[in-house]
Each structure stands twice: as structure tokens, then as C-alpha cells.
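Colleague: Quick one: the structure is below, and I'll ask about it shortly.
The values are calculated or read from the model by the stated rules, or taken from the named source; none is laboratory data. Note that the structure is predicted; figures quoted are calculated from it, not measured. No Cβ is skipped: glycine too gets one built from the backbone with ideal geometry, and neighbour counts run over all protein chains shown.
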């Protein structure tokens with residue numbers, strides 16, 4: 001195969017978006033995906049666009065919460081990127097940004113909201129803390145148990161089944177070669193270039209010569225890193241989501257809970273999506289957890305998730321669950337994204353981890369600028385893989 005400028009590994013939202021942004025800047029790009037495009041976390045999440053700090057980011061104490069709050073400047077960039085995305089991709093992505101509520105049901109919940117509010121104000125996210133009466137006026141569908149809420153007017157959702165495919169279509173229009181059902185079996189540095197060995201769906205092996213490699217493999221980014229003899233501390237975690245039958249318009253907001261696992265929203269078709277990070281369970285391969293098979297649902301967690309949703313929005317309590325499904329996403333050891341160049345492997349870049357649906361287009365755009373122009377339009381130094389150089393300093397270059 002003829003040389004390309006960049007090989008993108010991973011056909012989820014970040015990979016498809018990066019292929020598009022790279023090609024838009026004139027790069028020759030090959031995108032390789034081991035399965036089918038958008039079949040993993042990018043297409044199996046609940047589609048939330050959450051710019052306030054999630055519960056998982058503030059539950060482990062003030063020190064870690066303050067660290068996690070540093071993601072907010074990137075979140076504000078992502079907000080603006082989502083505003084223009086449908087026009088840029090010439091596609092209906094079912095983007096709705098009608099506001100988000102993080103609800104409190106106890107004094108302890110209110111204290112969490114106040115901590116979150118202070119952190120968000122420090123980093124420039126202009127959210128509001130609503131009283132019970134204000135919540136009731138804004139969201140009469142919520143239960144009487146809600147005594148306060150954090151509100152940000154620009155949160156919402158998009159359809160995860162549509163976004164990555166739209167980026168892929170535009171990328172192909174710009175000349176990107178996309179190969180699904182293609183496994184990467186080798187990553188070797190040869191002088192100033194990379195040799196990427198791939199095996200396609202027919203079993204044919206080829207070496208692709210590239211100036212740069214972008215690892216956008218999500219939960220599998222660590223496995224890709226290992227091919228380049230690197231440690232990338234990103235771990236696969238199995239989650240579950242649920243969809244409830246269609247109903248008349250009821251919930252215009254993205255609803256989260258201050259101290260429990262919940263995201264809830266009503267999509268354009270009328271269905272209610274319920275998630276929030278409830279675990280599913282990996283199947284086993286000997287003594288190891290398998291990330292190559294679908295995670296198994298945990299019925300007790302599905303029931304707990306739906307019970308919480310129906311408690312907060314009583315009107316959905318009489319509706320039927322249509323489907324539950326599982327997905328696998330990637331979380332770094334510090335819950336911040338891996339975004340940028342790996343210093344120990346010149347020409348090797350990573351864009352994975354964090355809230356990769358909300359931030360995915362922004363990750364892709366900024367790392368594409370870094371690859372082709374040497375610096376992004378917004379600093380991503382905070383999220384650099386260089387923060388783990390104390391691990392990779394022991395790894396010999398390939």
C-alpha cells in the first residue's frame with residue numbers, strides 16, 4: 001500500500017472524527033477498525049452531552065475533585081464544537097441542548113451540589129444552583145423528593161448511532177481509506193516513519209508506512225500501545241444502558257443525580273434513555289476478564305437504575321422497558337483523557353479516555369491539529385501522555 005501521512009487506529013467517534021479533521025487539513029489517512037465502525041462504546045452509550053462535573057468525578061474527596069475540575073475548560077470548547085457539528089457534517093445528529101439538571105434529594109446531596117458549583121465557577125462554567133421552588137417551576141415532571149438542583153442551560157444529548165457514521169462519511173468524501181474488520185498486528189518505528197502491519201477481513205497482511213499513528217482505540221488503547229512497546233494506563237470497564245418505550249414529550253432536560261448513578265433523557269422519538277454508569281460484568285477467559293466478548297448484564301443493576309429513574313420521574317414508572325444493553329468503555333487511572341503525543345515514541349499519538357462522547361469531536365480536532373501543525377489551537381498539555389513518562393521511561397523504543 002502506498003504511504004500515508006497518518007494511520008488512525010479505532011473506528012469509534014474519536015477515530016472517525018480524527019480521520020475527518022486530518023483529511024480536511026489535507027492529510028492522507030488510513031483508518032483501521034478491528035470490528036465494525038461505531039460498534040463499541042461510541043455507538044452503545046446513552047448519548048449524553050454533560051458539561052457539568054459528573055458524580056463520578058467528585059465522589060472521591062476534595063483533592064481529586066479539584067483535579068478533575070480541570071477538564072472544564074476543555075468541556076467549554078466541546079460545547080461550542082457540538083453547536084456547529086450538524087452544519088459542518090451536513091447531517092441530522094439529533095443534537096438537543098436544552099439544559100441539564102443535577103438533582104439533590106437530601107442535605108448531603110445539596111452539599112455536593114455546592115462543592116460542584118464552587119469548582120465549576122472557578123473554572124468558568126456558569127451553572128446555577130436552583131431551589132426546590134425553582135426546580136418545580138422548571139421541571140414539574142420531577143418528584144417532590146427533589147429539593148435542589150444544579151442547572152446548566154447548554155447540556156443535552158445527541159444520537160450516538162449517527163455521529164461517528166456522519167464523520168466517517170465526510171472523511172471518505174475527503175479521500176480517507178476506511179478498513180473495517182482489520183486487525184493491527186504490528187507497530188514498528190523505522191527511522192522517521194512508522195510501519196503499521198494490518199490484517200484485513202480476508203486474512204491478507206500488509207505493511208502501511210506512515211508519518212504518524214493515532215491510537216483512538218478507546219478501551220483497547222492499552223493493547224494498541226503494547227504493540228508499540230508502550231504502557232498506556234487505560235482500563236476497560238463494562239457498563240449497562242436502558243431504553244424505555246415512547247411517550248409524549250415530558251423531559252426536555254438531561255437529568256443526573258448529585259450522589260447516585262443516573263443519566264436520564266427523552267430523545268426525539270419519545271423514548272427515554274436511562275443510564276449513568278451502572279456496571280455490567282465481563283465474561284471470563286481462564287483467569288482473565290475478556291474484553292473481546294460482550295459484557296454480561298447484571299439484572300440487579302438494571303433494576304436499581306430503572307427504580308431510581310422512576311423515583312425521580314414518576315410519570316415513567318408505568319412505561320415498559322424495551323431493551324437493556326451493555327458496552328465497554330475505557331477509563332484512565334486518573335479519569336482524565338490521554339490526549340497528545342507519547343514522548344518516548346516520536347510520531348505516536350493517543351486520543352482516548354475521559355468522557356469520550358461529550359468530548360470526542362474536540363479530542364479529535366485538537367489532536368489532529370497537533371499532529372499536522374505541531375500545536376493545537378487550545379492547549380491540551382494537561383492531558384498529555386507525558387504524565388506517565390515515569391512508566392514508559394523503562395520501555396525500549398521499537
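Colleague: Within the group 143, 148, 139, 91, which residue is buried (at least 18 other Cβ atoms within 10 Å of the Cβ) and in contact with a helix residue (DSSP H, G or I) (Cβ under 6 Å, 6 or more places away or on another chain)?
Modeller: Selected residue: 148, the only one of 143, 148, 139, 91 that is buried (at least 18 other Cβ atoms within 10 Å of the Cβ) and in contact with a helix residue (DSSP H, G or I) (Cβ under 6 Å, 6 or more places away or on another chain).
Colleague: Mind checking which residues of segment 187-230 are closer than 30 Å to residue 297 by Cα and either touching a residue at least 40 places away in the same chain (Cβ under 8 Å) or not in a loop (DSSP other than H, G, I, E, B) (or both)?
Modeller: 215, 216, 217, 218, 219, 220, 221, 222, 223, 224, 225, 226
Colleague: If you check 259, 240, which single one turns out to be in contact (Cβ under 8 Å) with a residue 60 or more places away in the chain, outside any strand (DSSP E or B) and closer than 30 Å to residue 144 by Cα?
Modeller: 259
Colleague: Restricting attention to segment 352-359, does a residue exist that is farther than 18 Å from residue 213 by Cα, in a helix (DSSP H, G or I) and in the same structural domain as residue 223 (by TED's automatic domain parsing)?
Modeller: Checked against the condition, which is being farther than 18 Å from residue 213 by Cα, in a helix (DSSP H, G or I) and in the same structural domain as residue 223 (by TED's automatic domain parsing), segment 352-359 yields no hits at all.
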